[in-house]
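In what follows, a structure is listed as structure tokens, so that the remarks can point back to it.
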Amino acid sequence: KATMKSLRFITAEAFVSNAEFVRKSLGGVAHNLFPLLFKASYLLEQGEVIHDLVENWPLVDFNMGKLLGTTVDYQEDLSCRTCSVCLESCLTGLRDYVLNHPSPYVKRLKVVDLTGIKDVEVQFCECKKTMGRWARTQLLSKLCLELLVYLQQTQCNPGAFEISVDVLIDLFVTERNYELVMQALLKKCCCPLKICCVSFRSDNLDLQKFFYIIKLTDPSLLRKLEIVHNVRLEMEHLEILFNSIHFPLLMSLTLPARTFNVQRFTATDERMLTNIGEKMGEMTQLTELSMPFSILTGRIQKLLSPLKTPLKMLDVSNCSLNHADMAYLANSFHANHLEALDLSGHKILDLYPSIFFKLLSHSSSVLRSLTLEDCNIQDTHVNMLILGLSPCQKLQEFKFLGNPLSSQALKHLFTFLCELPMLKNVEFPVPRDCYPIGITYPIDDANLCRFDHQKYESVAEDLNLILLQANREDVKASTPLFGSYDAAVQETNNELGAYLIKSFKETLERFTTSLNKMS
């Protein structure tokens, strides 16, 4: 639906639609109009105008999230438009801000904040070309290095070196852009544009490189650390990381699959785990913890009890939790603060329903997102599940892919879900009766798509009709077969694929070598 524009905004759109005219007139534009003109030119994808506005930015700060967010003149939030034309113009404008002014004393810009940009699945910009987090990391690093080379080579205005602008950004580093980012961080002190890493994500990266670059980011400022795919970080490396680097402001930590495996624990490993728990306890801001696909049976208390601040987000999907782990979670002080919880891969309704409901009732006043994928939830569990979810009136998102539920059970569940007033997003499984008889759960990737698509479409229509009849068009219901959208994976999937093939090849070679030795 169309968003109302004020007369000021409509006038701003008319003004920025002629780049040549803007360039000539900028000197006479009142400083307080720059934010308005910036949002108007971003909406119209006027790259040249965006560049010129940033190059001549007269204010102390430039905050992308605020500039593009809801404003009085135009309510629509544009911060999820990662339009390539607009973002590139922004960043090159920033470089030219440093280079192109004869009088440095009018330069007031001190902080540029790029962290408010949100990467989403569906883009509304005209050019349909996006610049994701990885590409933004790459471009900013490249521009900082180019700037340094240029300033050193030419007899440019010495005032340029006196400029110091902190550029707050969410860095995303992989093997492919590591060298560039590392160089930019190493030379940060000499560059007028200072890269300030607020959040750091690393995929497909050698451990040594990860350890080196994380130290360069200035960990004392880091609020979010995500070590996700193909970084071979195991428990002993995590202990070294926490022992050698302090993260006083860290609020969110994501660890790669298989960081912990208690199945092969020795006494030394137990001490290591205790130490890691204590180190996390020193991170007084930590409220989000994600450690999927680790084997943590019976050790959740050891890891989480030292935390001084209650967790708001916890992902322990596929962590082989037992009764004692669930009991600890349900009775811990975290339970009353959990806004997002992922317990996928645990047969909670088979094994410990009462403890699970206790956990739900404790977190019900704040719980916004619940994920129960591959939890063997069956038709016989649906009434019980409804009972458990009933107090969760703040729930906005419920994901339960991969559960063996029939069409009938899904309809029953959807009728209840309509009653949750804040619900916005539901991810439901392909009904069991759409698959061939005898299919076993969890369904492997090879059989995931082998269902009756026509029947599925018909059921999906019925489920949407239930929402429609309850006046809940605001709820989006879908079945993303291969999991939810991940902007970072989407952007680097070619590199991710190549990395997986490489490590598969290495494993095969090692296997062949040992076979040859045996024979």
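The values are calculated or read from the model by the stated rules, or taken from the named source; none is laboratory data. Because the structure is predicted, anything quoted here is derived from the model rather than measured. Cβ sites come from the backbone with ideal geometry, for glycine too, and all protein chains shown count toward neighbours. Only protein heavy atoms, including side chains, enter the accessible area calculation; ligands, DNA and RNA are left aside. Shrake-Rupley method; radii C 1.70, N 1.55, O 1.52, S 1.80 Å.
Using alpha carbon centroids, what distance separates segment 465-495 and segment 56-113, in Å? Between the Cα centres of segment 465-495 and segment 56-113 lies a distance of 32 Å.
Summing charges over neighbours of Leu43, with a neighbour being any other residue whose Cβ is under 14 Å away from its Cβ, gives -2 when K and R count +1 and D and E count -1. Quote the Stokes-Einstein diffusion coefficient, in whole µm² s⁻¹, for segment 220-337, based on the Kirkwood radius over alpha carbon pairs, a temperature of 4 °C and a viscosity of 1.567 mPa s. This corresponds to a translational diffusion coefficient of 91 µm²/s. Which aspartates and glutamates, on any chain, are close to Lys24 with Cα under 13 Å apart, when same-chain ones fewer than 8 places away are left out? Once the sequence-local aspartates and glutamates are set aside, what remains near Lys24 is Glu48, Asp52. What's the local net charge at Ala335, with K and R +1, D and E -1, over the other residues with C-beta under 12 Å away? Net of charged neighbours comes to +1. Averaging the Cα positions of each part gives two centres, and for segment 233-301 and segment 434-460 these lie 37 Å apart.
Give the carbon-plus-sulfur fraction of the accessible surface of segment 287-353 in %, rounded to a whole number; probe 1.4 Å, heavy atoms of protein chains only. Could the numbers behind the result be given before it?
Values: 1260 of 2330 Å².
Using a 1.4 Å probe with all protein chains present, segment 287-353 comes out at 54 percent carbon and sulfur.
Here segment 7-131 has 57 percent of its accessible surface on carbon and sulfur atoms, given a 1.4 Å probe and all protein chains in place.
Scoring 463-473, 232-242 by mean Cβ neighbours within 10 Å over their residues and listing the highest first yields 232-242, 463-473.
Rg/Rh for segment 7-131 (Cα atoms only, Rh after Kirkwood) is 0.94.
Dimensions of segment 303-432 based on its C-alpha atoms, expressed as ranges along the principal axes with the largest first, amount to 45, 30, 20 Å.
Summed over the residues of segment 7-131 and divided among them, the accessible surface reaches 47 Å² per residue at a probe radius of 1.4 Å. Sorted from greatest to least, the principal axis extents spanned by the alpha carbons of the chain come out as 73, 64, 49 Å.
Provide the net charge surrounding Asn322, with neighbours chosen by a C-beta distance below 14 Å and charges set as Lys +1, Arg +1, Asp -1, Glu -1. Mind showing how you got there, number by number?
Values: positive: Arg299, Lys302, Lys347; negative: Asp325, Asp350.
Combined, the nearby Lys, Arg, Asp and Glu give +1.
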